[in-house]
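Note sheet for the following structure.
The values are calculated or read from the model by the stated rules, or taken from the named source; none is laboratory data. This is a predicted model, so every value here is computed, not measured. Don't worry about glycine lacking a Cβ; one is built from the backbone with ideal geometry, like all the others, and counts go over all protein chains shown.
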Amino acid sequence: MNRIKAFITDFGWPRIIIALFLLGLFISAPIVGVKLGPSFTDVFNRFGQNAIMVLALVPMVQAGCGLNFGLPLGILAGLLGSTLAMQLGFVGAPGFIVAILITIPFGLLFGLGYGKLLNKVKGEEMTIAMYVGFSAVMLFSILWLVLPYTKADLVMGYAGEGLRRSISLEKYWAKLLNDFLAVRIGDFVFPTGLMLFVGLCVLFIFVFMRTRTGTALTAVGSNPDYARASGVSVERMRTVSTVVSTVLGGVGILVYQQSFGFVQVYDAPLYMAFPAVSALLIGGASVTKASMVNVVIGTFLFQGMLTMTPSVINSVLKTDMSEVIRIIVSNGMIIYALTRKTKVTK
Amino acid sequence: MPNETPLLSLEGISKDFYGNVVLEDVTFSVGRGQIVGLVGENGAGKTTLMRILFGMPVIAETGGFKGTVSLDGKPVAFKSPFDALDAGIGMVHQEFSLIPGFTTTENITLNRETMKSNLACDIFGSRMSVLDRAAMRKRASVAIERLGVKLDPDMLVSEMPVGHKQFTEIAREIDRANVKLLVLDEPTAVLTESEAEVLLASLRTLASQGISIIFISHRLHEIVKVADRIVVLRDGKAVKDVPTAGTTVHDIAKWMVGRDVQASVTELSTCKENTFLSVEHLWVDMPGETVRDVSFEVREGEIFGIGGLAGQGKLGIANGIMGLFPGGGKVTVDGKDIPLNDPHGVLNSHMASVSEDRRGVGLLLDETLEWNIAFTAMQAKGEYLTPVLGGLFKLRDEKAMKKLAEQYVKQLEIKCTGTKQRAMELSGGNQQKICLAKAFALNPRLLFVSEPTRGIDVGAKAIVLETLRTYNREFGMTIVMISSELEELRSICHRIAIVDEGKIAGILAPTADIAEFGLLMSGEPDDKNGDAA
């Protein structure tokens, strides 16, 4: 009994409840007539689609900057990357690579400024980050209108200028990673390329956190005074973490876009940080500690639930409950994690 | 006053915090209109004694105390400071608890304001009554007058000189109708000498009006001047309870620091003649431990002790040199200039430090022992990293870190379940050993150790001190040890500097007379005040 109790406290109630809920959905799916094959395909696709953005949160959590509610900043870098690559006429795999190459310098630039700002508001990072994200998205909403994009696929049809709300990647690199080496088993398709790319990114962060810099970063998050006494520049490490997080957020949205098939601009990135944050928290991370395992488990549980609820619940209740459940779970998770944080510090 | 019941009497007061005895059978009494000077080193138990007297909740929470407190001959047991206030005991704290934006009058009568009722009161009750400012002002003036000082009742506290704030605080206590006993905790610490004189005079005035006073101070000459009786606390025991007449500052200093047991002087290593560390005109802006102008030299292979009372700046010296707080001056080690305000540069100059703030600065509480021990060496010197992919980048060498941690766990007898245990879960003594291991892992030639034995048990204390001695003897490590415990310094150091008010008051040999240390600590010039009383 004690071992079960210890396991429950160790694994955490939210994770257990959500895992059981997801399991229930998978079990009841065939009963209500939802096919499992396509469902699993969806779960894997959405897992890969979102995992990198969840991963992008890790460096900042580890460096003590809290959950990166300013993730939209990185996403904007990614949007610049993809739209510019399309504007320049790149298609297919080269297009995707060029998009990444353009995203990285923008991500570096945004991350640097963002890091500088966060260093000035120590202790209030998460609140400030949220507003940084919001205001950057709004600023770019103006920019998308006035930047001189000319490609017909990109701009609004009737005016000939200003980006469309959503831009199809059909002729560019839609499903590029998803279809790469995809394995088909009956009606289930495993998106090998997508999984490989996600795996690569996870490995990158995993290795990065084990370098001297990554170690210093973790120590800064754990105890800044200790890190400073060990000759580590706390401000520099925090900036490094925001830069890595922002760049990775940009790459994350590129992966999301190719799987989703569309580039969404204007206010689309506004709430992108919330699902990522709650996925990480469901994965068992706290505001101060996050690991690769948290990322993988959390994204899988969260996205699994999002994929399965509409199909299963809707066919039972005949109403669209999925959006409501998504909002309750994602925001509820964030509240839960934030209250837990204050409990610990007390 | 032999036949009179003393106002306050404490009998057989004992208190321990989880087995750590801080007060042992303390007995003394305070007569009516008497001023009792209470002296003792940091940690001698003064604060705990006052907390017991005031019925602070922390005492009950930690298991209560033994003995009886009687007021006017009747045993009392205060459940909270409010009970103590109601019984007529007033406390003036070391830090001011005044509201800066309020006037003297408002502060003195705070929460006890004289109220005036009006029409609204008849309808809505007494909550609608308004302040009777004229009456309040009068009350404040009376209280100030009883003190025998000049204070403007209408001045804002924020605009007052420090001395006036202190008087306002005292006036507030004596404004209570029934105040019988005042406790003043270091009231002169923030005052200039002339302000302190005025304060002492007003204490005498109060005493002559029948108010008893317990006066706590580190400035021994003030105690001698103002107190009728002197109680000396040392290691939780009231070692002396004597009338002031015929007592000298010198005597008090000796009682305060002197131990019954003779310091065990072990054989010291022989240090070389050359100067290894030289500090010239160092200033450090460390809050609460300001260093003003410190110069000293340490020879190679020496264990140099720095002592002094809390808040005088001894901790600031190590923190300033290690670059953790902004500072200036000139520091050279082995002939080379040490960059100040640059923690990284210092660690690269064969120096290391063990912080006095073990949990705050010394440890990564959430991380493993391996991390705690190896991290500084990894960051400062690039050790415990292993190249991968043909030197493309370097990763943590977990194996080497584990080996290092295991080596120190064995060497320093660190009690843990394994090197993967988190630092938070260790006891204080073992955490301190981790801090030492972290510093040793840098292979420093010069080590600063601040308060190495604070809050750890006797066994761990012995191991920590022995380890320092061993490293000094076997590896010729030069050690600067900063400690509040004089006995400890005397048992391990070649020379001991005493810091007072941000400056070095003097440097003594460990064998010097214990009274000399006491005098330096209290900021008393060594030569003349010896017989003044």
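Set side by side, the residues B:Thr368, B:Thr376, B:Thr332 differ, and just one is at pLDDT 90 or above, in the same structural domain as B:Ile507 (by TED's automatic domain parsing) and within 17 Å of B:Val449 (Cβ to Cβ), which is B:Thr376.
Check whether at least one residue in region B:374-384 is in a helix (DSSP H, G or I), polar (S, T, N, Q) and within 10 Å of chain A (Cβ to nearest Cβ), and report yes or no. Yes, region B:374-384 contains at least one residue that is in a helix (DSSP H, G or I), polar (S, T, N, Q) and within 10 Å of chain A (Cβ to nearest Cβ). The residues in region A:216-248 that are crowded, with 23+ Cβ neighbours inside 10 Å, farther than 20 Å from B:Ser355 by Cβ and of a type outside the set (A, V, I, L, M, F, W, C) can be counted, and the count is 5. Of the residues in region A:118-137, at least one is over 22 Å from A:Tyr256 (Cα atoms), charged (D, E, K, R) and under 19 Å from the mean Cα position of the chain (by Cα).
The residues of region B:352-365 that are of a type outside the set (Lys, Arg) and either outside the structural domain of B:Phe325 (by TED's automatic domain parsing) or farther than 15 Å from A:Leu217 by Cβ (or both), listed by number, are B:Ala352, B:Ser353, B:Val354, B:Ser355, B:Glu356, B:Asp357, B:Gly360, B:Val361, B:Gly362, B:Leu363, B:Leu365. If only residues of region A:198-213 that are part of a helix (DSSP H, G or I) and at the interface with another protein chain (Cβ under 8 Å from one of its Cβ atoms) are counted, the one that is nearest to A:Tyr256 (Cα to Cα) is A:Val207.
Of the residues B:Phe304, B:Phe325, the single one that is within 12 Å of B:Ile482 (Cβ to Cβ), at pLDDT 90 or above and of a type in the set (Phe, Trp, Tyr) is B:Phe304. Only one entry of B:Thr62, B:Thr27 meets the criterion of being closer than 28 Å to B:Leu486 by Cβ, among the hydroxyl-bearing types (Ser, Thr, Tyr) and touching a residue at least 60 places away in the same chain (Cβ under 8 Å), and that entry is B:Thr27. You will find that of A:Ser245, A:Ser233, A:Ser222, the residue that is touching a Gly at 6+ places or on another chain (Cβ under 8 Å) and within 14 Å of chain B (Cβ to nearest Cβ) is A:Ser222 and no other. Only one of the numbered conditions (1) among the hydroxyl-bearing types (Ser, Thr, Tyr); (2) more than 8 Å from chain A (Cβ to nearest Cβ); (3) crowded, with 16+ Cβ neighbours inside 10 Å is not met by B:Ser355, and that is (2).
Against the conditions (1) over 23 Å from the mean Cα position of the chain (by Cα); (2) within 14 Å of chain A (Cβ to nearest Cβ), B:Gly320 satisfies every one except (1).
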